[in-house]
Every structure is written in C-alpha cells, then in structure tokens.
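Only one structure is covered here, and it is reproduced in the block below.
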Amino acid sequence: MKLKQYRVREFRSIWDSGPIEVDEQTTCFVGKNEAGKTTILTALYRTNPIRKGDAVFDETYDYPKREVEDYRFAVENGEREEAALVECTYELEKADLLAVEDVFGPSVLKGKTFKRTTYYGDANSKYTLTCDNAAARKHLASNPALSDDLRAALAAATTWQDFAAALDAVEATDAVNAVKKLVARVREKELSHYVFNTLIWPRAPKFLYFDEYYQMEGQANLNALIAREDSEKLLDSDYPLIGLINLARLDHRKLVATNNTVELKNKLQGAGNHLTQRIVKYWSQNRHIQMRFDVRDAKAGDPEGMQQGVNVWGEVYDSVHWATTPLNNRSRGFVWFFSFLAWYEDVKRQGQNVILLLDEPGLSLHGRAQADLLRYFDAELSGHQLLYTTHSPFMIDPTKFERVRIVQDLGIDAPEALPKEEDGTKVLANVFDATDDSLFPLQGALGYEIQQTLFIGPNSLIVEGVADMLYLRAVAAQMEREGRTGLSEDWVITPVGGSGKVPAFVAMLGSQKGMNVATLLDIQNSDKQLIEDLYKKNLLTKKQVSTYADFTGTAEADVEDMFDRSFYLELVNGEYGKQLASKITLAKLNQHVPRTLRAIEAWLAGNPMKSGSFGHYRPARYFTEQLATLWPKVSDETKDRFEAAFKHLNGLLSK
C-alpha cells in the first residue's frame, strides 16, 4: 500500500499543517531552519515506527507549549475532543486488495483508501474503513465445501448473529469449523475491525526514520551490543552497526565464539570487499577506498566500555595514500552515507516493507556528493516511498519540482503572535504562497539547472560576450548558405560576461564529465597571461584556447577585428547615427591603434556623443537585424578569417 496524504495538527510547532500530498515515489520538504521540517517527519514516523517503542505521543512534551494546560483542562472537562494529531490516508494496492478478497470476496471493501488517525498516548489510534457486511456474508455463504442446505441458510441470514446461528445448527465439519472461527472473530467487534487489524494494517509499511543521531561509531564491543539487543535497549547508533554486520554477512553472536582465525580472517576480508563494492558505486568523492574489518579480543588500553570481551573495528583503507583510518575518523558526510547505507541495505535484505523518512540527508556532503545521494535515491530506493527534508539546493531535483513541498512558519518572523489559523508550521504545494526565504533552496536548484542548460551543452564554446555570439551565429549561417564552412550547430556558444570570468567558467565546465570546452576570445597585451594560463594550468589543451588574433594575423584582436575596419564603422554609424556628433570615418581614426574598438573609443573620447554611450552589443544587434542588406558588403578577406576560425573549432568536436 501507498501513503497518499497526511495531516498533522496540534503537535509541537504545528497547529494545522494542512493536507500534505505524498508523491508515489519521492517527496521533498524544503524550508528554512526552524520552519518545522523535522517536526513534519517526526509526527508521521511515530504513527507506525520501525522501532515499536517510538509509537508514543506525550502531550506534556509534544503539545504546543503555550496552550498545553488549556488543552488538558478542556479535554478533561469535556469541552473539546482529543487532538487528532496525525491523520494518514493510504491507498491499497492490488496485493492488499487480494488479501482481503481471498477471505471476504471482491465486494467487501467500498473503496481502495482508508484513514488512520493517531492521538496522544501510547499507540492510540483509530481507523476509518467502510466494509459491506452483506457482501462478506454472501461470499462466505458461497463456500463450495459447505452443503447446499447450509449455503442456502447462510445466504438467507441478514445479520452476523443469524449467520452464526445457521452454522451452529449443522454438523461441525472442518469446513464449518473454519467458517465458524472466522465469524466468531468478526463478531468480537465488527467486520471492519477484523478486516483492518487482521488483513490490512499488518501489511502497512513501517516508517524508518534516519537522521544524524543514527550515525554509527565504527567500533563496538560485541558483548555489550548483544546485551543491549537482548534487553531491547539498543542505542540509535547500534542500528546501522548491526545492519553493517548483517550486510557484511557476519553474525555478531558467532563472532564472539569464533575460534578459527583463518575462517574469521576470510569472512572479514569478504565482508570488506562486499561493502566496498556497494559504497564506491555511489561515492564519487574518493574511488580509492576499501572497507576493512577487524575483530579482536579486548585489551586493557582499549576505549572505555571496550576493555572486556570481543571488539569489532570498522576501518577505511585509502589505496592512494596507503593509510588506514578508523571509520569514525572519516568525514561526517562519509559516515552519514555509510551509516544509512548499512542500515537500509540490511532492511532491504530482510525484505521489510518500509517508508523511508530522512531528515536533512547528506547535510555534511559536498554538493557533488549530494548529487550522488540523489542518484542513489532514484536508483536504489525506488521500491519504497521516500520523504526527506532539506534546505540544500543540491538536494532538490529541478526536473521534478512537483515532488517539492514548501514548509514554512510565518510566526517565526512575525513581530506579534499570529492568529492560530495562520500561525505555526504549514506545508504548501503551491509555491505562489511561499515566502522568499522558503523559496530560496528552489531558486538555488533552478539557478544551478539553468546554469547547466542555458548556453551550455556537451560542446561549449566560451566567448566573452553576447556580441560575439550574435556575430558568430549570423556569419556562420550566411557562410553555409554560400556553401562555405560555418560553425557547427554542435557548438553551444557560451557568453561569460568578460575576460575575467573565463577561467572560472572553464574550470567549472571542464570539470564536468563528458564536457568538451573551447574558447574564442578577445586578446590584448594585458590578457595574454590569463589566456596562456588556461592551457599552462592544464584547464584546457593549447589547441582548445583560440583568440581572434589567431585568425587576424595581429598581436591583439577583438571579434570586431574579424571584419574590415571600414565595414565595422558602417555598423557603428548605422546604429549610432543620431547620437554621434559626426559620422566616424577611417580617416578620423588613428591607424596605429591595433584594435578597432580601441581606436573608436579613443576618437569618441575627444568627440563625445550627443547622447548615450558607445557599447559593443548594439552594433552586433544592428548587424543581425540588417544582415540581408549588409552581407553583400562583407569582404572575402573577412569571410576567409571567419571560415578559418570555424574550421579550427569544428575540428575540436568529438568524432
């Protein structure tokens, strides 16, 4: 069965969360600190926890503090009903329906959903499930193992009392006794009680809650662990440790009694290899680690609590640095990932039916490792529903925003107490109702996705500005119409907004797997070191770093210098004609200034424009807008320069 929706009321920071729609696969709760994300998960967890002892709601600790005494007084005096803390709606799947139909027939249930509401107290809950008593009796009466006369008498019964009486009036065969036993169970309470508690709820998934407190220590005294397990007093950190031992296909009880060193050594080595394969698959931060285990008799100098009996030690070996470190000395992110993997994999191995609740998963992980974690969720957890909280943009899948639920508490920032209907933690599916702070992680995720897709592709050509992009695309299109070589459409032109940003973009894009990056840049004397560093620092190969000067045959060049100077002046005069004090001609420019833009700017410094200012973008836009008229004026020399650049760049594409 699937959890379809739940609602939390009067619990900690929540007065009424509103209905929370749960995705069939993954639901992501996003909100700022103190908004109540953990509370939303905790309330759900306690309704059916994998650790039975956690199924408790205590009004002393859990009811909203400012009104807890008023609540108690009102309930005791009959002025109000008990708070319905968590109302869950589940949908039955085919196997669940068959489990009921096998006993009472296909028509006994009046719907595929049911509700279960949890109240304050120890495992205090009520269900809402509608059953058709007549349909159930009709199905039982059709049992072919019963005699024809009995089937007729049972079919005529209009109550369970009459049904039972008809069974009592005949000989007690095995078939009759089986039906009588079932009817007796139904009559103890009612049909829906039996169906829910015997046939449906035992099939319900347990909630497995995991946060940073469940992280394992990486070492343990096995004798003490067994004692805690026998007394049902396991620590939070014991669960992933036991999962780890089970996942390693070891038995901690047998380890204590092992007297064959070779056998133990082989088991430990095999366990380490098994776990290494599972971890490295989703841990891109370091591919050179190996898990190792050691089981030894305790020594007097071992840590406190581990000085008697037998100890197990989890270690990580780094094959690059030839160093072994205790598991608990690794990064917090690694320990979190490893601890969750160990517990969950053991749960999966046992075939337990669970819904996973993860509070701030991967909080200590690097952004790329968080992406690994999302990949792990989709690939390995697809057999379970997953609900998790986060405020990290890297833990939000921007392609699946429909899975996101916004968690916010307007009372945090309100100068005065809000009315109860507006106060407390709320869960929103509609982003239009969310505050800027609540939306920030989504904006970050969306911004990262845009950065990955807008002007970026598998083959990214980095240029300095939008003007470069306009010229290159316009000229390439015209060249291809003439049967000459244009710039391949496989290149995605990426304007970065200035030469100073080029190294950062190159480093960012070049580090991504499968990304082919090249540059076509302006160059002046002050930029030469920056451009040379792109290949001297091994960010790119030398042939991937091109400048316009490579094709103009000059020491310095901008994209504008790919055109004849007289032609570019026509673009400037055409775009800025009404703003220029006078038309700019070749004769007015200093021919000793190597770059056209620099020469124009020098002339304008002594002959200011009547209004506005000169920029690189507007002449480029003018060129594209007037292309049909201007292209016949483009010289063959200009076309040769662009074609040489295009051929070079196209040669860098992966075959």
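Given the residues 199, 167, 182, 191, which is the only one that is touching a Cys at 6+ places or on another chain (Cβ under 7 Å) and either of a type in the set (Phe, Trp, Tyr) or in the same structural domain as residue 136 (by TED's automatic domain parsing) (or both)?
Values: 199 fails: touching a Cys at 6+ places or on another chain (Cβ under 7 Å); 167 fails: touching a Cys at 6+ places or on another chain (Cβ under 7 Å); 182 fails: touching a Cys at 6+ places or on another chain (Cβ under 7 Å).
Matching residue, one of 199, 167, 182, 191: 191.
If the requirement is being under 26 Å from residue 257 (Cβ atoms) and not β-branched (Val, Ile, Thr), which of these qualifies: 283, 336, 322, 313? Walk me through how you get there before you give the answer.
On the way: 283 fails: under 26 Å from residue 257 (Cβ atoms); 336 fails: under 26 Å from residue 257 (Cβ atoms); 322 fails: under 26 Å from residue 257 (Cβ atoms).
Exactly one of 283, 336, 322, 313 is under 26 Å from residue 257 (Cβ atoms) and not β-branched (Val, Ile, Thr), namely 313.
Which one is surrounded by the fewest Cβ atoms within 10 Å (Cβ to Cβ) among residues in the range 4-17 that are in contact with a helix residue (DSSP H, G or I) (Cβ under 8 Å, 6 or more places away or on another chain) and not in a loop (DSSP other than H, G, I, E, B)? In this case the residue turns out to be 10.
None of 75, 86 is of a type in the set (Val, Ile, Thr) and either assigned to a helix (DSSP H, G or I) or not assigned by TED's automatic domain parsing to the domain that holds residue 49 (or both) except 75.
Among the residues making up the range 348-364, those that are touching a helix residue (DSSP H, G or I) at 6+ places or on another chain (Cβ under 8 Å), surrounded by 15 or more Cβ atoms within 10 Å (Cβ to Cβ) and modelled with pLDDT under 85 are 362, 363, 364.
Under the condition of being hydrophobic (A, V, I, L, M, F, W, C) and not in a strand (DSSP E or B), which residue from the range 383-414 is surrounded by the fewest Cβ atoms within 10 Å (Cβ to Cβ)? Steps first, please.
Kept after step one, since they are hydrophobic (A, V, I, L, M, F, W, C), are these residues of the range 383-414: 386-387, 394-396, 401, 404, 406-407, 410, 412, 414.
Checking which are not in a strand (DSSP E or B) leaves us with 394-396, 401, 410, 412, 414.
Numbers: 394: 20, 395: 25, 396: 24, 401: 15, 410: 15, 412: 16, 414: 11.
Ranking the candidates gives 414 first.
Taking the criterion of being hydrophobic (A, V, I, L, M, F, W, C) and either touching a Pro at 6+ places or on another chain (Cβ under 9 Å) or modelled with pLDDT under 95 (or both), the residues of the range 563-579 that qualify are 571, 572.
Of 82, 87, 101, which residue is at pLDDT 95 or above and surrounded by fewer than 17 Cβ atoms within 10 Å (Cβ to Cβ)? Spell out how you get there, then give the answer.
Working: 82 fails: at pLDDT 95 or above; 87 fails: surrounded by fewer than 17 Cβ atoms within 10 Å (Cβ to Cβ).
Exactly one residue qualifies, and that residue is 101.
Within the range 199-219, residues that are free of Cβ contacts under 8 Å to residues at least 60 places away in the same chain and over 17 Å from residue 354 (Cα atoms) have Cβ atoms under 9 Å from residues that are of a type in the set (D, E, K, R) and surrounded by fewer than 22 Cβ atoms within 10 Å (Cβ to Cβ) in these pairs: 213/236, counting only partners at least 6 apart in sequence or on another chain. Each residue in the range 424-472 was checked for being at pLDDT below 70 and among the charged types (D, E, K, R), and 1 of them qualify.
The values are calculated or read from the model by the stated rules, or taken from the named source; none is laboratory data. Keep in mind that what you see is a predicted model, and the values were worked out from it rather than measured. With ideal geometry, Cβ positions are generated from the backbone for all residues, glycine too; neighbour counts draw on all protein chains shown.
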